[in-house]
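A.B. asks: Sending over a structure as C-alpha coordinates; questions will come in a sec.
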Amino acid sequence: MLEKLKKEVCELNKQLVKNQLVMWTSGNVSARDPQTGLIVIKPSGVLFDELTPDKMVVVNLEGEVIEGTLKPSVDTASHLYVYKYKKDVNGIVHTHSPYATSFAVRGEPLPIYTTTSAAVFGKEIPVSDFAYIGEEEIGQQIVEKIGDSPAILLRSHGIFTVAKDALSAVKYAVVLEETAQVVHLSLLRGNIKPLPSDVIEKGFDIYKKTYGQ
Ligand SMILES: [Zn+2]
(Lines give C-alpha, C1' and ligand atoms only; values in the text may rest on other atoms or scores of the structure.)
Protein backbone atom coordinates (compact mmCIF):
# COMPACT_ATOMS: atom_id res chain seq x y z
CA MET A 1 0.00 0.00 0.00
CA LEU A 2 1.01 3.65 -0.58
CA GLU A 3 3.99 2.46 -2.65
CA LYS A 4 4.58 5.87 -4.25
CA LEU A 5 4.50 7.71 -0.91
CA LYS A 6 6.80 5.13 0.75
CA LYS A 7 9.33 5.62 -2.08
CA GLU A 8 9.08 9.40 -1.69
CA VAL A 9 9.47 9.34 2.10
CA CYS A 10 12.43 6.95 1.81
CA GLU A 11 14.16 9.21 -0.74
CA LEU A 12 13.46 12.36 1.32
CA ASN A 13 14.93 10.75 4.45
CA LYS A 14 18.11 10.16 2.43
CA GLN A 15 18.01 13.82 1.36
CA LEU A 16 18.55 14.74 5.03
CA VAL A 17 21.95 13.01 4.81
CA LYS A 18 22.79 14.54 1.43
CA ASN A 19 22.07 18.00 2.83
CA GLN A 20 24.14 17.29 5.97
CA LEU A 21 21.21 17.76 8.34
CA VAL A 22 21.55 14.42 10.19
CA MET A 23 24.12 12.01 11.58
CA TRP A 24 23.91 8.26 12.24
CA THR A 25 20.20 7.40 12.70
CA SER A 26 18.75 10.58 14.22
CA GLY A 27 16.20 12.67 12.34
CA ASN A 28 13.20 11.64 10.28
CA VAL A 29 10.75 12.56 7.55
CA SER A 30 7.08 11.58 7.50
CA ALA A 31 4.21 12.24 5.09
CA ARG A 32 0.44 11.94 5.29
CA ASP A 33 -1.51 10.49 2.38
CA PRO A 34 -4.36 12.99 1.91
CA GLN A 35 -6.72 10.31 0.53
CA THR A 36 -6.49 7.69 3.29
CA GLY A 37 -5.17 9.92 6.11
CA LEU A 38 -2.47 7.30 6.78
CA ILE A 39 1.06 8.37 7.63
CA VAL A 40 4.34 6.98 6.25
CA ILE A 41 7.32 7.40 8.57
CA LYS A 42 10.92 6.25 8.91
CA PRO A 43 11.56 3.14 11.03
CA SER A 44 13.31 3.61 14.38
CA GLY A 45 17.10 3.25 14.65
CA VAL A 46 17.77 2.20 11.04
CA LEU A 47 20.77 3.75 9.26
CA PHE A 48 19.77 6.11 6.44
CA ASP A 49 21.93 4.13 3.97
CA GLU A 50 19.93 1.02 4.73
CA LEU A 51 16.51 2.60 4.24
CA THR A 52 14.40 1.15 1.42
CA PRO A 53 10.75 1.94 0.57
CA ASP A 54 9.56 -1.41 2.01
CA LYS A 55 11.19 -0.57 5.37
CA MET A 56 8.99 2.53 5.75
CA VAL A 57 6.23 2.12 8.34
CA VAL A 58 2.59 3.01 7.65
CA VAL A 59 0.64 4.09 10.73
CA ASN A 60 -2.78 5.58 11.36
CA LEU A 61 -3.44 8.73 13.40
CA GLU A 62 -3.86 6.58 16.53
CA GLY A 63 -0.32 5.23 16.08
CA GLU A 64 -1.33 1.69 15.09
CA VAL A 65 1.01 0.09 12.55
CA ILE A 66 -1.04 -0.59 9.42
CA GLU A 67 1.84 -1.93 7.34
CA GLY A 68 5.52 -2.61 7.95
CA THR A 69 7.61 -5.07 9.93
CA LEU A 70 9.80 -2.52 11.71
CA LYS A 71 9.00 -0.30 14.68
CA PRO A 72 8.20 3.30 13.63
CA SER A 73 10.42 6.25 14.64
CA VAL A 74 10.55 7.12 18.34
CA ASP A 75 9.20 10.54 17.27
CA THR A 76 6.03 9.06 15.73
CA ALA A 77 3.73 10.29 18.53
CA SER A 78 5.03 13.84 18.00
CA HIS A 79 4.43 13.68 14.24
CA LEU A 80 0.94 12.23 14.75
CA TYR A 81 -0.04 14.92 17.22
CA VAL A 82 0.86 17.60 14.66
CA TYR A 83 -1.06 15.80 11.87
CA LYS A 84 -4.06 15.50 14.19
CA TYR A 85 -4.23 19.22 14.99
CA LYS A 86 -2.88 20.72 11.77
CA LYS A 87 -5.09 19.46 8.97
CA ASP A 88 -3.20 21.37 6.24
CA VAL A 89 0.11 19.70 7.17
CA ASN A 90 0.97 16.62 5.09
CA GLY A 91 4.73 16.52 5.59
CA ILE A 92 6.97 16.79 8.69
CA VAL A 93 10.74 16.80 9.15
CA HIS A 94 12.72 16.48 12.36
CA THR A 95 16.50 16.92 12.59
CA HIS A 96 19.22 17.90 15.04
CA SER A 97 21.00 19.98 12.37
CA PRO A 98 23.77 21.63 14.40
CA TYR A 99 23.56 25.33 13.60
CA ALA A 100 19.78 25.57 14.02
CA THR A 101 19.99 23.34 17.10
CA SER A 102 22.55 25.68 18.65
CA PHE A 103 19.85 28.38 18.69
CA ALA A 104 17.39 25.83 20.14
CA VAL A 105 19.90 25.06 22.90
CA ARG A 106 20.07 28.74 23.77
CA GLY A 107 16.27 28.84 23.84
CA GLU A 108 16.26 31.80 21.47
CA PRO A 109 14.04 32.33 18.44
CA LEU A 110 15.98 32.80 15.21
CA PRO A 111 15.35 36.31 13.83
CA ILE A 112 15.30 37.08 10.11
CA TYR A 113 18.65 38.52 9.02
CA THR A 114 18.83 37.35 5.40
CA THR A 115 16.75 37.86 2.26
CA THR A 116 16.50 34.08 1.84
CA SER A 117 15.00 33.50 5.27
CA ALA A 118 12.71 36.53 4.78
CA ALA A 119 11.49 35.07 1.49
CA VAL A 120 11.03 31.52 2.72
CA PHE A 121 9.88 32.00 6.33
CA GLY A 122 8.54 35.56 6.42
CA LYS A 123 8.94 35.79 10.19
CA GLU A 124 11.35 34.77 12.93
CA ILE A 125 11.57 31.06 13.76
CA PRO A 126 9.89 30.43 17.13
CA VAL A 127 11.37 28.29 19.90
CA SER A 128 9.44 25.78 22.05
CA ASP A 129 9.71 24.99 25.73
CA PHE A 130 11.60 21.85 26.76
CA ALA A 131 9.75 18.57 26.11
CA TYR A 132 10.63 14.90 26.55
CA ILE A 133 10.76 12.57 23.54
CA GLY A 134 8.61 9.49 23.03
CA GLU A 135 5.11 10.75 23.80
CA GLU A 136 2.93 13.60 22.59
CA GLU A 137 4.69 16.32 24.61
CA ILE A 138 6.84 17.50 21.68
CA GLY A 139 3.84 17.51 19.36
CA GLN A 140 1.92 19.65 21.87
CA GLN A 141 4.78 22.15 22.00
CA ILE A 142 4.92 22.33 18.20
CA VAL A 143 1.17 22.89 17.80
CA GLU A 144 1.14 25.44 20.64
CA LYS A 145 4.20 27.47 19.59
CA ILE A 146 4.69 27.18 15.81
CA GLY A 147 1.84 29.53 14.82
CA ASP A 148 1.79 29.83 11.03
CA SER A 149 5.58 29.44 10.76
CA PRO A 150 6.69 26.33 8.82
CA ALA A 151 9.55 25.77 11.28
CA ILE A 152 10.19 25.66 15.01
CA LEU A 153 13.28 25.27 17.18
CA LEU A 154 12.72 22.59 19.79
CA ARG A 155 14.30 23.70 23.05
CA SER A 156 17.60 21.91 23.77
CA HIS A 157 16.84 19.30 21.11
CA GLY A 158 16.57 20.17 17.41
CA ILE A 159 14.11 21.43 14.83
CA PHE A 160 10.78 20.48 13.29
CA THR A 161 9.45 21.75 9.97
CA VAL A 162 5.91 21.26 8.70
CA ALA A 163 4.45 21.78 5.22
CA LYS A 164 1.78 20.83 2.72
CA ASP A 165 3.99 17.91 1.63
CA ALA A 166 7.19 16.19 2.76
CA LEU A 167 9.34 17.68 -0.02
CA SER A 168 8.47 21.22 1.11
CA ALA A 169 9.15 20.29 4.75
CA VAL A 170 12.64 19.08 3.73
CA LYS A 171 13.22 22.34 1.86
CA TYR A 172 12.32 24.31 4.99
CA ALA A 173 14.74 22.19 7.05
CA VAL A 174 17.55 22.86 4.53
CA VAL A 175 16.93 26.63 4.41
CA LEU A 176 16.62 26.80 8.20
CA GLU A 177 20.03 25.19 8.70
CA GLU A 178 21.63 27.39 6.02
CA THR A 179 20.11 30.47 7.67
CA ALA A 180 21.25 29.46 11.14
CA GLN A 181 24.78 28.86 9.86
CA VAL A 182 24.95 32.29 8.20
CA VAL A 183 23.57 34.00 11.31
CA HIS A 184 26.04 32.14 13.52
CA LEU A 185 28.99 33.22 11.33
CA SER A 186 27.74 36.82 11.25
CA LEU A 187 27.36 36.91 15.04
CA LEU A 188 31.00 35.84 15.39
CA ARG A 189 31.97 39.17 13.84
CA GLY A 190 29.90 41.26 16.26
CA ASN A 191 26.36 42.44 16.77
CA ILE A 192 23.95 42.26 13.86
CA LYS A 193 20.45 43.61 13.39
CA PRO A 194 17.49 41.65 12.01
CA LEU A 195 15.94 42.94 8.77
CA PRO A 196 13.18 45.54 9.35
CA SER A 197 9.68 44.02 9.33
CA ASP A 198 8.58 45.84 6.15
CA VAL A 199 11.61 44.45 4.27
CA ILE A 200 10.80 40.95 5.54
CA GLU A 201 7.15 41.25 4.52
CA LYS A 202 8.02 42.54 1.06
CA GLY A 203 10.63 39.81 0.54
CA PHE A 204 8.14 37.15 1.60
CA ASP A 205 5.51 38.54 -0.73
CA ILE A 206 7.80 38.82 -3.79
CA TYR A 207 9.05 35.24 -3.28
CA LYS A 208 5.50 33.85 -3.03
CA LYS A 209 4.47 35.60 -6.25
CA THR A 210 7.55 35.11 -8.41
CA TYR A 211 9.73 32.17 -7.37
CA GLY A 212 9.77 28.85 -9.23
CA GLN A 213 8.30 27.64 -12.53
ZN1 LIG B 1 15.27 14.35 18.03
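A.B. asks: Residues being within 12 Å of the ligand (Cβ to nearest atom) and either buried (at least 17 other Cβ atoms within 10 Å of the Cβ) or aliphatic (A, V, I, L, M) (or both): count how many of those fall in the range 156-169.
C.D. replies: Residues in the range 156-169 being within 12 Å of the ligand (Cβ to nearest atom) and either buried (at least 17 other Cβ atoms within 10 Å of the Cβ) or aliphatic (A, V, I, L, M) (or both): 4 in total.
A.B. asks: Return only the number of the condition from (1) closer than 22 Å to residue 15 by Cβ; (2) in contact with a strand residue (DSSP E or B) (Cβ under 9 Å, 6 or more places away or on another chain); (3) within 16 Å of the ligand (Cβ to nearest atom) that residue 59 does not satisfy.
C.D. replies: Every condition holds for residue 59 apart from (3).
A.B. asks: Before we move on, is residue 119 of a type in the set (Gly, Ala, Ser) and in contact with a helix residue (DSSP H, G or I) (Cβ under 6 Å, 6 or more places away or on another chain)?
C.D. replies: yes
A.B. asks: Could I ask something else about it? Given 183, 170, 199, which one is in a helix (DSSP H, G or I) and within 30 Å of residue 5 (Cα to Cα)?
C.D. replies: From the options 183, 170, 199, the qualifying one is 170.
A.B. asks: Hey, another quick one. Show the residue pairs that are 6+ apart or on different chains and have beta-carbon atoms under 9 Å apart, the first residue being within the range 92-109 and in contact (Cβ under 8 Å) with a residue 40 or more places away in the chain and part of a helix (DSSP H, G or I), the second being of a type in the set (Gly, Ala, Ser) and within 10 Å of the ligand (Cβ to nearest atom).
C.D. replies: 100/158; 101/158; 104/158
A.B. asks: Sticking with this structure for a sec: In the range 27-50, what residues are surrounded by 15 or more Cβ atoms within 10 Å (Cβ to Cβ), small (Gly, Ala, Ser) and without any contact (Cβ under 8 Å) to a residue 60 or more places away in the chain?
C.D. replies: Hit for the range 27-50 is 44, nothing else.
A.B. asks: Taking the condition of being more than 16 Å from the ligand (Cβ to nearest atom), touching a residue at least 40 places away in the same chain (Cβ under 8 Å) and not in a helix (DSSP H, G or I), how many residues in the range 64-91 meet it?
C.D. replies: Final tally of qualifying residues: 7.
A.B. asks: Going by the structure shown, is residue 206 at pLDDT below 95 and over 23 Å from residue 90 (Cα atoms)?
C.D. replies: In short, yes.
A.B. asks: With modelled with pLDDT of 95 or more and within 15 Å of the ligand (Cβ to nearest atom) as the only criterion, which of 128, 117 stands out?
C.D. replies: Selected residue: 128, the only one of 128, 117 that is modelled with pLDDT of 95 or more and within 15 Å of the ligand (Cβ to nearest atom).
A.B. asks: Also, I was wondering about something else. Out of 22, 46, 29, I need the residue that is within 14 Å of the chain's Cα centre (by Cα) and assigned to a loop (DSSP other than H, G, I, E, B). Which one?
C.D. replies: 22
The values are calculated or read from the model by the stated rules, or taken from the named source; none is laboratory data. Here the structure is a predicted model, which means the values were calculated and not measured. Positions of Cβ are generated from backbone atoms using ideal geometry, with glycine treated the same way; all protein chains shown enter the neighbour counts.
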